[in-house]
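The structure under discussion appears below in the form of structure tokens.
The values are calculated or read from the model by the stated rules, or taken from the named source; none is laboratory data. Small disclaimer: the values here were computed from a predicted structure and weren't measured. Using ideal geometry, Cβ is built from the backbone for each residue, glycine included, and neighbour counts are taken over all protein chains shown.
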Amino acid sequence: MKIRNMRVSDVVAAVCVPATLVMYIHLLLVSPQLNPSDAHQEYTAAERSVVTTTTAVQEVGAPLNRTKEAREEVLLVTVLLRCGSTTIKNLLLSLSAVNKFTTILKPGRRTEMVHIPHTKMQRDIVMNISAYESPTAVIQPFAYINFTQFGKRKPIQISLVREPIERAVSWYYHMRAPFQLVERHIRFPETKLPSRKFLKKDLETCLNTPGDQECRYTPGKEILGHTVEFFCGHDPYCPIFGSREGLQQAKAVVEREFAVVGVLEDWNKTLTVLEHYVPRYFAHASSQYNKHIQGNKRKKNENFYKPKVDQAAKNFMLKHFTVESEFYDFIRQRLNQQYYAITGGAS
């Protein structure tokens, strides 16, 4: 009888604790709060106008198909935070049963490691990934590592990017999403829940507050986890936001090393290219996605708490994302070329 009571209490705790946390955070988010009438308008009327970028996109070189140069036994998936990483993970889990391969998921960490400056750590990662002999998809969030410099043949490499401002907005509100906070607190109980002030601060307020660095992306400063860094690698200039040296290296790495870099905004096109360029792992990707993932917010990790963001705020941020936007346009052009090579130009 005592054992039965203990089991029931464990179940009640497992259900009630997360539910209580969700309700607590939800109340903090939806409860009324006065908006400061004297908020400093940091972005001016001129900055509220639509910002256009006229930077030329570097032509994508041939060959477009890099899959045949890599080891078929290993697919290395470089996942970027808030770039469809949950979607691609669940798609691979679905495809692993159909296409007969193993999917290795990254372990949960308090802080993701993107930049790895130590050569020994890079070498250990290369050796561990290269050790797989049967078809295996490895999902990891670190920046590009050159396998050949450690004497190993490179795996098939793919990734997925997102329009840079949309990614920044998504990340800002993901940090405030109740489901994310609860999951993180359960996984790491020592992590403190954020304050009411943090939860209630919208992006516009952050941008209008002088000195608030949470939403500032300043070119020339080290900002870990921006898109270019993932493809640039681990050189000292790679974590520098807005580095043109990092941009050129990232473009070269994509052309030379990556079989496919998809675009979240061109998801159907991305699936088609993956199916044709990496068929060992992505055969039947479109049908599996439509059957098991499309329309499932949990499997896509959609944040329904994210509000609509003022276009003026996005335009203000865009001024600092020139390099990131140029890289995104480059990736999108490369994906289009791969797609047209398959379809013969049909959209």
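Among the residues here, Glu275 qualifies as in a helix (DSSP H, G or I) and either among the aromatic types (Phe, Trp, Tyr) or free of Cβ contacts under 8 Å to residues at least 12 places away in the same chain (or both). Number of residues in segment 199-212 that are assigned to a loop (DSSP other than H, G, I, E, B) and not basic (Lys, Arg): the value is 6.
Beta carbons closer than 6 Å, at least 6 apart along the sequence or on distinct chains, never pair a first residue in segment 90-119 that is among the basic types (Lys, Arg) with a second that is modelled with pLDDT of 95 or more and loosely packed, with under 12 Cβ neighbours inside 10 Å. Looking at segment 226-243, can you tell me whether even one residue there is of a type in the set (Asp, Glu), closer than 30 Å to Pro178 by Cβ and either in contact with a Leu (Cβ under 9 Å, 6 or more places away or on another chain) or free of Cβ contacts under 8 Å to residues at least 60 places away in the same chain (or both)? Looking for residues that are of a type in the set (Asp, Glu), closer than 30 Å to Pro178 by Cβ and either in contact with a Leu (Cβ under 9 Å, 6 or more places away or on another chain) or free of Cβ contacts under 8 Å to residues at least 60 places away in the same chain (or both), one finds none in segment 226-243, hence no. For segment 146-198, a residue qualifies if it is farther than 30 Å from Glu73 by Cα, in contact (Cβ under 8 Å) with a residue 24 or more places away in the chain and not in a helix (DSSP H, G or I), and the qualifying residues are Glu163, Arg176, Ala177, Phe188, Thr191, Leu193. Screening Leu76, Leu95 for residues that are aliphatic (A, V, I, L, M), out of contact with any Phe, Trp or Tyr (no Cβ under 7 Å at 6 or more places or on another chain) and modelled with pLDDT of 95 or more leaves exactly one candidate, Leu76.
For segment 129-155, the set of residues classified as of a type outside the set (S, T, N, Q) and loosely packed, with under 15 Cβ neighbours inside 10 Å consists of Ala131, Glu133, Gly151, Arg153, listed by residue number. Exactly one residue among Pro164, Pro155 is within 30 Å of Ile129 (Cβ to Cβ) and touching a Leu at 6+ places or on another chain (Cβ under 6 Å), and that residue is Pro155. Inspection of segment 217-228 finds no residue satisfying the criterion of being over 12 Å from Glu324 (Cβ atoms) and buried (at least 21 other Cβ atoms within 10 Å of the Cβ). Would you confirm whether any residue within segment 213-228 is farther than 21 Å from Val169 by Cβ and assigned to a loop (DSSP other than H, G, I, E, B)? Yes, that holds for at least one residue. Among the residues of segment 120-145, those identified as assigned to a loop (DSSP other than H, G, I, E, B), within 20 Å of Arg66 (Cβ to Cβ) and either at pLDDT 95 or above or in contact with a Pro (Cβ under 6 Å, 6 or more places away or on another chain) (or both) are Tyr132, Pro135, Ala143, Tyr144, Ile145.
Would you check if Glu183 is modelled with pLDDT under 90, of a type in the set (Asp, Glu), under 21 Å from the mean Cα position of the chain (by Cα) and over 23 Å from Glu163 (Cβ atoms)? Here the answer is yes, as Glu183 does meet what is asked. Of all residues in segment 229-249, none satisfies being surrounded by fewer than 18 Cβ atoms within 10 Å (Cβ to Cβ), out of contact with any strand residue (DSSP E or B) (no Cβ under 8 Å at 6 or more places or on another chain) and among the hydrophobic types (A, V, I, L, M, F, W, C). Taking each residue of segment 285-306 that is at pLDDT below 85 and looking for partners that are surrounded by 13 or more Cβ atoms within 10 Å (Cβ to Cβ) and not in a helix (DSSP H, G or I) with beta-carbon atoms closer than 7 Å, six or more apart or interchain, yields Lys299/Ile293; Lys300/Ile293; Asn303/Ala177; Tyr305/Ala177. Assessment of segment 319-330 against the conditions (charged (D, E, K, R), touching a Lys or Arg at 6+ places or on another chain (Cβ under 8 Å) and at pLDDT 95 or above) yields no matching residue.
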